[in-house]
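Inspection log for the structure reproduced underneath, given as structure tokens.
The values are calculated or read from the model by the stated rules, or taken from the named source; none is laboratory data. Everything numeric in this text was worked out from a predicted model, so none of it was measured. Here Cβ is always computed from backbone atoms with ideal geometry, including for glycine, and neighbour counts include all displayed protein chains. Please note that ligands, DNA and RNA were not included when accessible areas were found on the heavy atoms of the full protein model with its side chains. Shrake-Rupley method; radii C 1.70, N 1.55, O 1.52, S 1.80 Å.
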Amino acid sequence: MKQNESFIKRITGRALFLPAICLFLVLIANLVQTPDFFNIEIINGAFYGFIIDIINWGSGLIIMAVGMTLVVSSSGGADISVGSVSAVAGAICVAALGTEEAYQVPYVYSLLLALLAGMLCGAFNGFLVAYLKIVPMVATLILLTAGRGIAQLATGSFILYVKPDSFKYLGTFLPGVWIPTTLFVALFVVLITWLVLKRTSLGMYIQSVGINPQASRLMGLNSKRIIFGCYIFCGLCAAIAGLVSVSRTGSADANNIGRYKELDAIAAVAIGGNMLSGGKFSLIGSVIGAITIQALTTSLSAFHVAPDQQPLYKAVVVIIIVAIQSPELKRWLRGLKNKLSSAKTTEGGEVEL
Amino acid sequence: MSNANEILKMRHITKNFLGVRALHNVDFTLRSGEIHALMGENGAGKSTLIKVLTGAEEFETGTIMLEGHSHPIINRSPQEAQHNGISTVYQEVNLCPNLSVAENVFIGREPKSKVGGIDWKTMNKKALEVFQTLDIKIDVTLTLDHYSVAIQQMVAIARAVDISAKVLILDEPTSSLDDSETKKLFDLMKKLKAQGLGIIFVTHYLDQVYEVCDRITVLRNGELVGEYEVENLPRLQLVAKMMGKEFDDLAEVKHASVDSSDENLETIIEATGLGCSGKVKPFDLTIKKGDVIGLAGLLGSGRSELARTIYGADKPDSGELKMKGKRIKVHKTLDAMKAGMAFLPENRKEEGIISDLTVRENIILALQATKGALRRLSRKEQEEFTDRYIDLLKIKTPDRDIPVKQLSGGNQQKVILARWLLTDPDLLILDEPTRGIDVGTKTEIQKLVINLANEGKTVVFISSEIEEMLRTCSRMIVMRDTMKVGELADDEITQVNIMKAIAGGAGS
């Protein structure tokens, strides 16, 4: 009995426990409402189904959430420009490739150009936050609005379509592969980031700077450079998400690429159990958070909720999930529990703290 | 009121913070037309007394009598205190830099025009009158940020005096002023005093106390030590009272001297004219291998700042620094670490621990920083190092992987010590390593310092407790008013000598 208890405690004590439960609950709700939710069909040599949709559409969000996690951890503030930055990258890629039957520049060049643009945007944000000490929200507000303008400039305010089929591979399926390419891209980004953070001490540096920049400086960490780097990386992630997005539709619409995605990305980080005030982070938590958000979006569609009304429902669920994880609520519940148990006269059980 | 001159009488004030006694039975009396210094070391209760008086904090027992009130008053907020005639001006000016000087003086009580808007003409005229009576030449229509901190402070004072002129509290007003600005402030204070105002002056600069003050109240450990006329209390006595030593019966504690006079010893640090403007005036300092150097001085004397300047925590802006004969320029603290320095800062919470990271991470961070992010210490190495120091320093922790914030203060301090010892430094700078930790750990840390010196390490040791430094240091640097004023070695290191040097001036 006692052992059992400690086992449960060990599981529930894990940082990722609550985010995982939340995702689980969202999926269960779907199963009840839409019994064929978990069905996967093969149409034209590719998987189709709600689950595949979640993975496919969620991958962009996962990638953004990875970058956002590091920014939040190191600087204690969110980068609200990621949606616009992904539009900049997408637009630049498409504008470089052109609307002719053949690419104007080699495909790889356009990708590199787009990634570079994303990193430059990140560097701009990072410079404002790390070196000029501007509050992240305000610093990144500039590109949130100006980014769309840059993207419009790149596309000449037209919706540009890229004709060659190969352009769509990145955002949909590679010929002969049943699994959406986006899954591989998202996996690649998450894995590389995770490995780098694990194999080097960067993960520890980022958390250290996020928790106590003063102390970090005194023990030789270059807080400014670390924050700057996180923003560049976040810009890079946003650019990758933008590339996936334009490839999926085969077009660049500067107004709609990554629209409102910054809000989803921030919510994903929060749902993943990360403090938005910075410090300790869990990359996998953010990934789970991103999947949860996308599962929510997809299931709302499955419930036939009109897209215009979806944000309301999403907001309610996000609030609930974040509230469940709030330490205040936990403390309050614990207080309630203690009151109840002390009323029943305690049986010498340990007091959990 | 017994004495017509007395405008403020605080009697038997007691206040506890979470069971810790902050003020115990403290009396304080202010007369009209005087400048009264409130003195005491860190944690003496100065700021608590001010907060109680201005309503920023509640107090448990005691009375505050104010002239013109037949009953004791209780201020529930600084606004209420101001209404009752008690105004405070802090070191950081709490005004709006983007509003005009006149607006700042009248904010919240602007003269209104007939239609209900602000009557700018009247306001500017009235503001000008306020400054004319104080002999301050200022364009009241310019925004406040046009002016220096000193002028901004005077605007704050003008505002305070204009609202209610009975008691004016100046809390460390001179900390961010230069000498000429301080002089101007003093002129203003004397003028206000002549107008019959009672001024409470909180400062830690001894010179300034003797320059402008009439009386001194000394607090120590939350208790009243006494109230003195300035002319009856020589500097040395003042220092002794603040530190809690009766000058006459000082027990002589003599340090078992390390032979530091040996000329053959390697020079670790050689600073010439090193300074950091506003924090510590240029100083020369030579530290030999195996020395334990104590930095003595009152709070704000520049003892921490001197250490910080050597380490580069505050960037020096003059002079040069040689470490082991090689000139080093510290741009970032990592340069100092690579040269072989380690620095345990004064504020453990703000500058020491990374609260949410584990004990292990906190210990290996500095070593990892010197190695660079790419050459990560393996988990096994990290655990070995951590266990070694948990053992060596007897850090009490249930697990090496729990967040360091769950440890007690003393153990957190040991974790930071471990962090620096792990980097194997030649020079270890310890700024108040024993503050706020239990007595047992204090002795352990003192022993550790002596052991380190015996192993050939060099230590710079800062403490507010003189005995602690007497026990551990082989040489003492004395600081006063952000200046290095003297060095004591071997037989000269006695409590009396140190206090004399700290007090300086004519009192000795």
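Looking at A:Gly250, A:Gly272, A:Gly210, which one is under 21 Å from A:Ala117 (Cβ atoms), touching a residue at least 24 places away in the same chain (Cβ under 8 Å) and not polar (S, T, N, Q)?
Just a single option satisfies the conditions, and that option is A:Gly250.
For the stretch A:276-312, name all the residues that are within 14 Å of another protein chain (Cβ to nearest Cβ) and touching an Asp or Glu at 6+ places or on another chain (Cβ under 8 Å). I'd like the intermediate steps shown before the answer.
We begin by selecting, within the stretch A:276-312, every residue within 14 Å of another protein chain (Cβ to nearest Cβ); these are A:277-282.
Across the stretch A:276-312, the qualifying residues are A:Gly279, A:Lys280.
Scanning for something closer than 21 Å to A:Ile257 by Cα and of a type in the set (D, E, K, R), does the stretch A:34-41 turn up at least one residue?
The initial filter retains those residues of the stretch A:34-41 that are closer than 21 Å to A:Ile257 by Cα, namely none.
No, the stretch A:34-41 has no match at all.
Looking only at the stretch B:183-215, count how many residues are of a type outside the set (Phe, Trp, Tyr) and within 19 Å of the chain's Cα centre (by Cα). Please lay out each step first, then the result.
Filtering the stretch B:183-215 down to residues of a type outside the set (Phe, Trp, Tyr) leaves B:183-185, B:187-200, B:202-204, B:206-209, B:211-215.
Next, only the ones that are within 19 Å of the chain's Cα centre (by Cα) stay: B:200, B:202-204, B:206-209.
Residues that pass the stated criteria total 8.
Quick one: which of A:Thr249, A:Thr298 is over 13 Å from the mean Cα position of the chain (by Cα), closer than 24 Å to A:Val88 by Cα and not basic (Lys, Arg)? Before you say what the answer is, go through the steps one by one.
Details: A:Thr298 fails: closer than 24 Å to A:Val88 by Cα.
On inspection, the qualifying residue turns out to be A:Thr249.
When you scan the stretch B:245-284, how many residues do you find that are open to solvent by 30 Å² or more (accessible area, probe 1.4 Å), part of a loop (DSSP other than H, G, I, E, B) and at pLDDT below 80?
15
When B:Thr217 is evaluated against the numbered criteria (1) among the polar types (S, T, N, Q); (2) at pLDDT 85 or above; (3) loosely packed, with under 14 Cβ neighbours inside 10 Å, which criterion, by number, is the only one it fails?
Here B:Thr217 clears every test but (3).
Could you check how many residues of the stretch B:392-423 are of a type outside the set (A, V, I, L, M, F, W, C), away from every other protein chain (no Cβ under 14 Å) and open to solvent by less than 50 Å² (accessible area, probe 1.4 Å)?
Matching residues across the stretch B:392-423 total 5.
State the number of residues belonging to the stretch B:347-359 that are more than 7 Å from chain A (Cβ to nearest Cβ), open to solvent by 20 Å² or more (accessible area, probe 1.4 Å) and assigned to a helix (DSSP H, G or I).
Number satisfying all stated conditions: 2.
Conditions tested, residue by residue: (1) open to solvent by 20 Å² or more (accessible area, probe 1.4 Å); (2) at the interface with chain A (Cβ under 10 Å from one of its Cβ atoms); (3) more than 29 Å from the chain's Cα centre (by Cα).
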| position | (1), (2), (3) |
| --- | --- |
| B:Lys332 | yes, yes, no |
| B:Asp335 | yes, yes, no |
| B:Met341 | no, no, no |
| B:Pro345 | no, yes, no |
| B:Asn362 | no, yes, no |
| B:Gln368 | no, yes, yes |
| B:Ile390 | yes, no, yes |
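For the stretch B:58-75, which positions are open to solvent by 50 Å² or more (accessible area, probe 1.4 Å) and either at pLDDT below 85 or closer than 16 Å to B:Arg11 by Cβ (or both)?
Passing the criteria: B:Glu60, B:Thr61, B:Thr63, B:Glu67, B:Gly68, B:His69, B:Ser70, B:His71, B:Pro72, B:Ile74.
In the stretch B:374-386, is there at least one residue being among the β-branched types (Val, Ile, Thr) and within 9 Å of chain A (Cβ to nearest Cβ)?
Start the filter on the stretch B:374-386 by keeping residues that are among the β-branched types (Val, Ile, Thr), which leaves B:386.
If we keep only those that are within 9 Å of chain A (Cβ to nearest Cβ) as well, we get none.
Checked against the condition, which is being among the β-branched types (Val, Ile, Thr) and within 9 Å of chain A (Cβ to nearest Cβ), the stretch B:374-386 yields no hits at all.
Looking only at the stretch A:20-55, which residues are of a type in the set (S, T, N, Q) and either open to solvent by 20 Å² or more (accessible area, probe 1.4 Å) or not in a helix (DSSP H, G or I) (or both)?
Answer for the stretch A:20-55, where residues must be of a type in the set (S, T, N, Q) and either open to solvent by 20 Å² or more (accessible area, probe 1.4 Å) or not in a helix (DSSP H, G or I) (or both): A:Gln33, A:Thr34, A:Asn39, A:Asn44.
Among the residues of the stretch A:159-181, is any within 23 Å of A:Ala123 (Cβ to Cβ) and either in contact with a His (Cβ under 7 Å, 6 or more places away or on another chain) or of a type outside the set (A, V, I, L, M) (or both)?
no
Looking at the stretch B:281-317 only, could you name the residues that are over 23 Å from B:Ile493 (Cα atoms) and of a type outside the set (S, T, N, Q)? Outline the logic, then answer.
Filtering the stretch B:281-317 for residues over 23 Å from B:Ile493 (Cα atoms) gives B:281-282, B:308-317.
Matches in the stretch B:281-317: B:Lys281, B:Pro282, B:Arg308, B:Ile310, B:Tyr311, B:Gly312, B:Ala313, B:Asp314, B:Lys315, B:Pro316, B:Asp317.
Would the stretch A:169-179 turn up any residue that is under 21 Å from A:Ala96 (Cβ atoms), in a helix (DSSP H, G or I), open to solvent by 30 Å² or more (accessible area, probe 1.4 Å) and more than 14 Å from chain B (Cβ to nearest Cβ)? Break it down stepwise before answering.
Filtering the stretch A:169-179 for residues under 21 Å from A:Ala96 (Cβ atoms) gives A:169-172.
With in a helix (DSSP H, G or I) added as a condition, the list becomes none.
Taking every residue of the stretch A:169-179 in turn, none turns out to be under 21 Å from A:Ala96 (Cβ atoms), in a helix (DSSP H, G or I), open to solvent by 30 Å² or more (accessible area, probe 1.4 Å) and more than 14 Å from chain B (Cβ to nearest Cβ).
Can you find a residue that is more than 22 Å from B:Pro433 (Cβ to Cβ), over 20 Å from the mean Cα position of the chain (by Cα) and more than 14 Å from chain A (Cβ to nearest Cβ) anywhere in the stretch B:292-313?
no
Report whether or not B:Glu41 is open to solvent by 30 Å² or more (accessible area, probe 1.4 Å) and not in a strand (DSSP E or B).
no
Of all the residues that make up the stretch B:485-494, how many are open to solvent by 50 Å² or more (accessible area, probe 1.4 Å) and part of a strand (DSSP E or B)?
First pass over the stretch B:485-494, keeping only residues open to solvent by 50 Å² or more (accessible area, probe 1.4 Å): B:485, B:487, B:490-492.
Okay, now just the ones that are also part of a strand (DSSP E or B), so B:485, B:487.
Count: 2.
Of the residues B:Arg435, B:Arg376, which is part of a loop (DSSP other than H, G, I, E, B), in contact (Cβ under 8 Å) with a residue 60 or more places away in the chain and open to solvent by 40 Å² or more (accessible area, probe 1.4 Å)?
Values: B:Arg376 fails: in contact (Cβ under 8 Å) with a residue 60 or more places away in the chain.
Residue meeting the stated conditions: B:Arg435.
How many residues does the stretch A:258-269 hold that are open to solvent by less than 60 Å² (accessible area, probe 1.4 Å) and either farther than 29 Å from A:Ala91 by Cβ or under 10 Å from the mean Cα position of the chain (by Cα) (or both)?
Selection size over the stretch A:258-269: 7.
Going by the conditions given, is A:Phe158 part of a loop (DSSP other than H, G, I, E, B) and open to solvent by 80 Å² or more (accessible area, probe 1.4 Å)? Before the answer, list the steps.
Details: part of a loop (DSSP other than H, G, I, E, B): yes; open to solvent by 80 Å² or more (accessible area, probe 1.4 Å): yes.
The answer is yes for A:Phe158.
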